[in-house]
Each structure stands twice: as structure tokens, then as C-alpha cells.
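Here's the structure we're looking at; comments come further down.
Bear in mind these aren't lab numbers, they're just calculated from the coordinates by the rules spelled out. Computed from a predicted model, the values in this text were never measured in an experiment. Note that each Cβ is placed from the backbone with ideal geometry, even for glycine, and that neighbours are counted across all protein chains shown.
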Amino acid sequence: VYVLKVRSSFDAAHSITGHPGPCARLHGHRYDVEAEFGGGALDSLGMVRDFDALKKALSEVLPDHQNLNDVMDCVTTVENISRWLYDRLLAQGLPVLAVTVWETETCGCRYTPE
Ligand SMILES: [Zn+2]
């Protein structure tokens, strides 16, 4: 199977209600995102999917300059953000395998359903 990877980023605000530390207060991150798409067959151009189409699809689902607490109906941890993005890409009919979201340079989460 071929696994294509597309990276992007977005800026957003959030707060984690009930968190014992400063994450309970409204603050912002530049989230880095990596989406992985898979396929076992190549088209006549030797591609699983055109990268331009995947980049466009990813950019359309990123909640850039939003308050994540307003757009997500769950706690806005990086675990839930990665799954939320995965579900939105899947809903577009894309062969998404996993989504990784980095909240800082050293802390992130990769969601895959398996
Ligand atoms: Zn945070």
C-alpha cells in the first residue's frame, strides 16, 4: 500500500475546561497537521491521488483562526482534534488513514481507527 503524507498548519484558540493547569484558560496554538492517505493502486499518472487535491481538501477542513471550543462538540484536546480532522476528511470520501496533530514542537497525537 502507498501512504501519501500532506502537511499543513493552522492557528486556533482553545481552553480545556476543568484542566488543573493553565490550559483551562483561553490560549492559542499553531497546530501542525500531517494527514496520511492510502491506496493500493496507482492511476495512469502513477499517483494514488493528486497532491494538489489532497492539500486543498486538508486546508478546507482545518479550523483556522477559530475558537476550537466553538466549532467542536467535544473537549479540544489534541487527541480529539486529530480524530475530528480524521472524521472530516473521511466524510469527504478521501482514503484517509491517519491524522497527526502537533500542539507544540514536542507534543502531538496521531489518530488512526486501527
Ligand atoms: Zn492548549
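Quick one: count up the residues across the stretch 35-51 that are surrounded by 13 or more Cβ atoms within 10 Å (Cβ to Cβ), in contact (Cβ under 8 Å) with a residue 12 or more places away in the chain and outside any strand (DSSP E or B). Before the answer, list the steps.
To start, the set of residues in the stretch 35-51 that are surrounded by 13 or more Cβ atoms within 10 Å (Cβ to Cβ) comprises 35-39, 47-49, 51.
Remaining after also requiring in contact (Cβ under 8 Å) with a residue 12 or more places away in the chain: 35-39, 48-49, 51.
If we keep only those that are outside any strand (DSSP E or B) too, we end up with 48-49, 51.
So the answer is 3.
Among the residues of the stretch 4-14, write down those that are among the small types (G, A, S) and under 13 Å from E103 (Cβ atoms). Walk me through it before giving the result.
Quick first cut of the stretch 4-14, residues among the small types (G, A, S) only: 8-9, 12-13.
The answer is S9, A12, A13.
Taking the stated definitions as given, is N69 within 15 Å of the ligand (Cβ to nearest atom), assigned to a helix (DSSP H, G or I), within 20 Å of C109 (Cβ to Cβ) and touching a strand residue (DSSP E or B) at 6+ places or on another chain (Cβ under 8 Å)?
Values: within 15 Å of the ligand (Cβ to nearest atom): yes; assigned to a helix (DSSP H, G or I): yes; within 20 Å of C109 (Cβ to Cβ): yes; touching a strand residue (DSSP E or B) at 6+ places or on another chain (Cβ under 8 Å): yes.
Answer is yes for this residue.
Please state which one of D73, D64, D32 is over 15 Å from the mean Cα position of the chain (by Cα) and under 25 Å from S15 (Cβ atoms). I'd like the intermediate steps shown before the answer.
Numbers: D64 fails: over 15 Å from the mean Cα position of the chain (by Cα); D32 fails: over 15 Å from the mean Cα position of the chain (by Cα).
The conditions single out D73.
Out of (1) assigned to a strand (DSSP E or B); (2) among the hydrophobic types (A, V, I, L, M, F, W, C); (3) away from the ligand (no atom under 16 Å from the Cβ), the odd one out for A13 is which?
Among (1) assigned to a strand (DSSP E or B); (2) among the hydrophobic types (A, V, I, L, M, F, W, C); (3) away from the ligand (no atom under 16 Å from the Cβ), A13 violates only (3).
How many residues are within 9 Å of the chain's Cα centre (by Cα) and among the hydrophobic types (A, V, I, L, M, F, W, C) if we restrict to the stretch 79-101?
So the count comes out to 7.
Need the failing condition index for T106 against (1) within 14 Å of the ligand (Cβ to nearest atom); (2) within 17 Å of Y2 (Cα to Cα), just the number.
Only one criterion is unmet by T106, namely (2).
Matching residues to (1) more than 16 Å from the ligand (Cβ to nearest atom); (2) of a type in the set (K, R); (3) in a strand (DSSP E or B); (4) without any contact (Cβ under 8 Å) to a residue 60 or more places away in the chain:
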position	(1), (2), (3), (4)
T17	no, no, no, yes
V75	no, no, no, yes
L90	yes, no, no, yes
V101	no, no, yes, no
